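Scroll down for the structure; my scribbles are underneath it.
The values are calculated or read from the model by the stated rules, or taken from the named source; none is laboratory data. In this text the structure is predicted, and so the values were computed from the model without any measurement. Counting neighbours? That spans all protein chains shown, and the Cβs are built from the backbone with ideal geometry, glycine included. Keep in mind that these areas ignore ligands, DNA and RNA; they rest on the heavy atoms of the full protein, side chains included. Shrake-Rupley method; radii C 1.70, N 1.55, O 1.52, S 1.80 Å.
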Amino acid sequence: HLRGAPRKREYIRGQGYERFLVMEFVDGNPLSEIVGGPSGKERHPQSWKRVVEVAITVAGVLEWIHGHGMAHLDIKPENVMLNVRTEDAKLIDFGVAYQVSDKTGYVIRTRGYTAPEQLAARPEFRSDLFSLAATMWYMLAGEHPPDDGSRWPVVLQPQVHPAPDRHGRRPRRG
């Protein structure tokens, strides 16, 4: 069994392209409730140690699914559960997982968590890494990341904003 992912219970083929994946029940709470409280408006930032533990677990799941040609494409605090007894992280909701080699794009968007290439309907494996980094931001800051990339480190912004020159000026667009 893959640590950090719920066990698959059943795979059902529907009509046409319909597919259903039945997963085990995860007795836990989503990061969105742990960090944001039940209302989502509270702020309970997590320790860097906890953030790293969760990130390593989720990255392990991503390594496995990416190795099978799939991208999750919906990583966000609501889709990372912490077990109520063990506090182990589980990545859930593979409902929009995508065979990256298909190259037929559609956009699933969660403000602040969607990678630029995914917004352009060209999802890649790295789209999941962007979303994982945004989730880590949320855990550390106790607030959702900005939607426009304005407060992201320059390393994460290449497709959102052109990198500044050595004088700190950004080139004009178009």
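Looking at LEU73, LEU62, which one is modelled with pLDDT under 90 and either open to solvent by 60 Å² or more (accessible area, probe 1.4 Å) or under 20 Å from LEU119 (Cβ atoms) (or both)?
LEU73
Which count do you get for residues in segment 76-92 that are buried (at least 18 other Cβ atoms within 10 Å of the Cβ) and among the acidic types (Asp, Glu)?
1
For MET136, state whether it is modelled with pLDDT of 75 or more and buried (at least 21 other Cβ atoms within 10 Å of the Cβ).
No.
May I ask you to list the residues in segment 6-49 that are part of a helix (DSSP H, G or I) and either over 15 Å from LYS90 (Cβ atoms) or modelled with pLDDT under 85 (or both)?
Answer for segment 6-49, where residues must be part of a helix (DSSP H, G or I) and either over 15 Å from LYS90 (Cβ atoms) or modelled with pLDDT under 85 (or both): VAL35, GLY36, TRP48, LYS49.
Across segment 58-83, which residue is farthest from the chain's Cα centre (by Cα) among those that are over 20 Å from ARG111 (Cβ atoms) and in a strand (DSSP E or B)?
Going through the qualifying residues, I end up with ASN83.
Each row is one residue, and each column tells you yes or no for (1) closer than 28 Å to LEU82 by Cα; (2) touching a Lys or Arg at 6+ places or on another chain (Cβ under 8 Å); (3) at pLDDT below 80.
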{"residue": "ALA97", "(1), (2), (3)": "yes, no, yes"}
{"residue": "PHE125", "(1), (2), (3)": "yes, no, no"}
{"residue": "LEU132", "(1), (2), (3)": "yes, no, no"}
{"residue": "GLY142", "(1), (2), (3)": "yes, yes, no"}
{"residue": "ASP147", "(1), (2), (3)": "yes, yes, yes"}
{"residue": "SER150", "(1), (2), (3)": "no, no, yes"}
{"residue": "VAL155", "(1), (2), (3)": "no, no, yes"}
{"residue": "VAL160", "(1), (2), (3)": "no, no, yes"}
{"residue": "GLY174", "(1), (2), (3)": "no, no, yes"}
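Is at least one residue of segment 100-123 farther than 21 Å from VAL35 by Cα, open to solvent by 80 Å² or more (accessible area, probe 1.4 Å), of a type in the set (D, E, K, R) and modelled with pLDDT under 70?
yes
Answer yes or no as to whether GLU78 is modelled with pLDDT of 65 or more, in contact with a Pro (Cβ under 9 Å, 6 or more places away or on another chain) and charged (D, E, K, R).
In short, yes.
Looking at (1) at pLDDT 90 or above; (2) open to solvent by less than 30 Å² (accessible area, probe 1.4 Å); (3) over 12 Å from the mean Cα position of the chain (by Cα), which one does ALA55 not meet, given that it meets all the others?
(3)
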